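A short write-up of the structure that comes next.
What follows draws every value from the coordinates through simple rules; no lab data is involved. Quick caveat: nothing in here was measured; it's all calculated off a predicted structure. All Cβ positions, even for glycine, are placed from backbone atoms using ideal geometry, and neighbour counts span all protein chains on display.
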Number of protein chains: 2
Amino acid sequence: MQPEGDLYQVIHRRRDVRAEFTGGTVDRAVLDRILAAAHAAPSVGLSQPWDFIVVTRDDTRRRFRDHVQAERSVFAAQLDGERAEKFARIKVEGILESALGIVVTYDPDRGAPAVLGRHAIADAGLYSVCLAIQNLWLAATAEGLGVGWVSFYREDFLRRLLGIPARLRPVAWLCVGPVAELAGTPDLERTGWRERLPAQAVIHYDHYSGPGNG
Amino acid sequence: MQPEGDLYQVIHRRRDVRAEFTGGTVDRAVLDRILAAAHAAPSVGLSQPWDFIVVTRDDTRRRFRDHVQAERSVFAAQLDGERAEKFARIKVEGILESALGIVVTYDPDRGAPAVLGRHAIADAGLYSVCLAIQNLWLAATAEGLGVGWVSFYREDFLRRLLGIPARLRPVAWLCVGPVAELAGTPDLERTGWRERLPAQAVIHYDHYSGPGNG
């Protein structure tokens, strides 16, 4: 399948996928293209402080899935009544049903010590990693794949699971794979968890002009 | 001008612009499209924790430019010999030459207290804001505009300059505007500051397998 890539269509079609993975595989050439897209992101001081760990092993994914289930329960315990009921119906990960996981990490030593543009804002390197993630997400969407960012985990668990050194910070576990479809509406909106805001609620001119709705 | 939007072309053509702004303006319809693209980004728990402050006032931009110049000197003072000489030739901002600034902020209270997916990773909301920034950057590139992320500033200065409440965190000042061209090579590579890494240096399989080069 050829990538279908009009940027605006891809941006607005993109979804955070949990339930729609088919269990199909991802071609190596496609994987290479989406990782190359991620690696083409801008980065503070051209530090390129990201690493991508492609996880296909079932035992590794099962251990991560079990950890995420436990963290799901931690979050559920914070919720009362209606919110707890809504959350019970929401799927938070497609770790085993997706073709693979891509774990993205931040390495603060890349290009250090004097990273151009990072002296005043230490987190600027972390921001760069997120820009790479969005490139990856859009590229995968253009390739007809789904992506779901799982954040129900403890960073130290993921470090131990994948042999990630302590100085690196895991930023995301992305579930990536073929999908039956991309939903027209975000899961959390469809399930009544939360609504999308109108764009005008978050746009200000020349001066911050009060909080958006919600 | 119609947006020319093949995703992969946009991703690989995109640059972090400093010197190439023409001083031309940005049409309101174009600005609305790139902000809508930013606002369509994924966010943890559908929190949409971003705000965008479009800055066109000259006096505001001048005050920010002066602050950035001072922070440039702070960074320059850390450098020795060859690095200092290279840095002296690098332009770090196009604040006055661009059409406008877009300041992007993070509001941790949006959707709080129980943001789905944020209990284990407090920074997940900040990550969402960066995904929106990359959408904005790619949309602007497709529209034939340049974007330059300025990070030589103190967050408190920017809060005071734009009336941003203390609970919000400024994440970026993006210079946006028409450009004479997008450079084929990143500025920092062309000036010998730092080179791009081969993608294979940052890709691992199933287990973190040692640091990439550089």
Task: Amide hydrogen neighbours beyond the local backbone of residue B:146, cut-off 5 Å, H modeled - done: B:177, B:179
Task: Shielding by partners - mean other protein chain Cβ count within 10 Å, residues of A:192-205 - done: 6
TODO: Return the long-range amide H neighbours of residue A:6 (sequence gap of 5 or more, or a different chain), with a cut-off of under 5 Å between placed amide H atoms.
DONE: B:7
Open item on the list: If you take each beta carbon of peptide B:143-156 and count the beta carbons of other chains within 10 angstrom, what is the mean?
Closed with: 3
Open item on the list: Compute a Gaussian network model of chain B, connecting alpha carbons closer than 10 Å, and tell me which residue from B:183, B:114, B:19 fluctuates the most.
Closed with: B:114
TODO: May I ask you to order B:7-17, A:96-106 by the average number of other C-beta atoms within 10 Å around their residues, highest value first?
DONE: A:96-106, B:7-17
- [ ] With r as the distance between the Cβ atoms of residue B:32 and residue B:166 and R0 = 25 Å, compute the FRET efficiency 1/(1 + (r/R0)^6) and round to 0.05.
- [x] 0.25
TODO: Enumerate the amide H contacts of residue B:171 below 5 Å, restricted to partners 5 or more residues apart or on another chain; note that Pro and chain-start residues carry no placed amide H.
DONE: B:104, B:105, B:106
Open item on the list: Going by average Cβ density within 10 Å per residue, which order do the peptides B:125-138, B:144-157 take, highest to lowest?
Closed with: B:125-138, B:144-157
Open item on the list: If you take each beta carbon of peptide A:108-121 and count the beta carbons of other chains within 10 angstrom, what is the mean?
Closed with: 6
TODO: Determine ³J(HN,Hα), in whole Hz, for all residues of the range A:111-123 in sequence, where each value follows from phi through the Karplus function 6.51 cos²θ - 1.76 cosθ + 1.60 and θ = phi - 60°; x replaces Gly and Pro.
DONE: x, 6, x, 9, 7, 5, x, 10, 5, 8, 9, 4, 6
Task: Gyration tensor verdict on the range B:140-214 (Cα atoms; rounded if a/c is under 1.5, prolate if a/b is larger than b/c, oblate otherwise) - done: oblate
Task: Hits among aspartates and glutamates - C-alpha to C-alpha of residue B:86 under 14 Å, sequence gap 8 or more where chains match - done: B:187, B:189, B:195
Task: Rounded, prolate or oblate (a/c below 1.5 giving rounded, otherwise prolate when a/b exceeds b/c) for chain A by Cα gyration tensor - done: rounded
